[in-house]
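Right, one structure below, let's go through it.
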Amino acid sequence: MQRLSAKNKAVGKTIGLVPTMGYLHAGHLSLVKKSKEKADITVVSIFVNPTQFAPNEDLLKYPRDIVHDKKLLKKAGVDYVFIPSVEEIYPKGFQTFVEVDKITRHFEGEFRPIHFKGVTTIVSILFNIVRPDYAFFGQKDAQQAAIIKRMVKDLKMDLEIIVCPIIREQDGLAKSSRNIYLSVQERKDALVLSRSLKTAQRLIKEDTKSATAIINKMKEEISSVSTSKLDYIKIVDKEKFEEAGSLSVGKKYYILIACKFGKTRLIDNILIKT
Ligand code: PAF
């Protein structure tokens with residue numbers, strides 16, 4: 001992969017990287033489409049990264065279907081699919097990690113303490129191998145995207161991070177590889193996430209400025225669904241990812257939700273401009 005990237009760069013071609021953990025869906029394919037529009041060469045990596053899963057998380061259970069993924073990527077016109085092995089990425093003796101500090105401590109970081117250290121480490125390794133000019137991430141993992149942007153800025157990495165909008169099912173559920181874990185009832189119940197984000201959007205349009213008032217209304221809506229178990233709802237400033245108490249005019253915020261339905265933990269968010 002390093003040789004292929006060097007060869008393409010030597011003839012002046014730009015490279016777009018879409019890092020994934022496979023089990024691809026329309027969300028991933030929208031990133032591929034963006035990359036193909038922006039870069040000469042598109043590389044998709046598929047690697048279920050063990051260092052971002054805690055021992056109690058779903059590493060072994062994480063859904064995989066390389067044959068189907070390759071078919072989708074061929075159809076999408078991707079130039080290279082990079083599927084390294086765990087041993088290649090983390091050979092014996094591996095002991096170097098990349099860790100972003102403040103912005104990783106809250107929200108997802110509180111519930112998944114080792115997660116982001118694993119993400120920034122693998123993403124750095126992939127950047128070093130593929131040497132992309134652009135890398136594409138989904139807004140669905142908004143905190144992950146903000147952390148990677150921070151890392152790229154702090155470590156002076158020479159590439160642009162492009163964050164692409166959430167792709168939803170027709171009924172509003174954000175696309176995720178984890179949706180397959182939901183039972184029929186949980187799948188129905190999970191729609192409360194996108195509904196509550198719409199409620200928040202409406203309240204903000206009606207000029208509600210208090211984050212607590214918005215969050216309380218969302219909590220009320222979510223708790224009315226019996227299989228839901230809310231981890232958090234937070235309103236954060238888009239750039240710094242710091243919690244907002246009240247919304248200021250002309251600024252952008254993410255409203256973030258993490259909620260379990262049965263054993264499946266889903267995250268969702270909406271970007272709002274006041
Ligand atoms: O968002 C994901 O799928 C993963 O966290 C990523 C960025 C591919 C790193 O393993």
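Every read-out reported here was derived from the displayed coordinates using simple, explicitly stated rules and does not represent laboratory data. Please read all numbers here as calculations on a predicted model, not as lab measurements. When we count neighbours, we look across all protein chains shown, and the Cβ atoms used for this are built from the backbone with ideal geometry, even at glycine.
Of note:
- Residue separation of THR274 and LYS71 scaled by 0.36 nm, minus their Cα-Cα distance, works out to 68.9 nm of gained length.
- Segment 122-274 shape via C-alpha gyration tensor axes, a/c threshold 1.5: oblate
- Listed residues ILE167, ILE83, THR208: farthest to the positive end of the dipole of the chain (Cβ charges): ILE167
- Gain upon complete extension [LYS238, ARG3; 0.36 nm per residue less C-alpha separation]: 80.9 nm
- Of all DSSP bridge pairs formed entirely within the chain, close to 60 percent run antiparallel.
- Surrounding net charge for HIS106, when Lys and Arg each add one and Asp and Glu each subtract one, Cβ distance under 13 Å: -2
- About its Cα centre, the chain has a charge dipole of approximately 500 debye under the convention of +1 per Lys or Arg Cβ and -1 per Asp or Glu Cβ, with nothing else charged.
- Low-density loop cleavage sites - trypsin sites (Lys or Arg not before Pro) in segment 32-83, where at most 13 other Cβ are within 10 Å (DSSP): LYS61
- Cross-link check: pairs LYS188/LYS273; LYS7/LYS36; LYS34/LYS71 evaluated at a Cα-Cα cut-off of 21 Å; pairs beyond the cut-off: LYS188/LYS273.
- Between HIS25 and LEU155, the modelled labels are 2.9 nm apart [label points 7 Å from Cα along Cα→Cβ].
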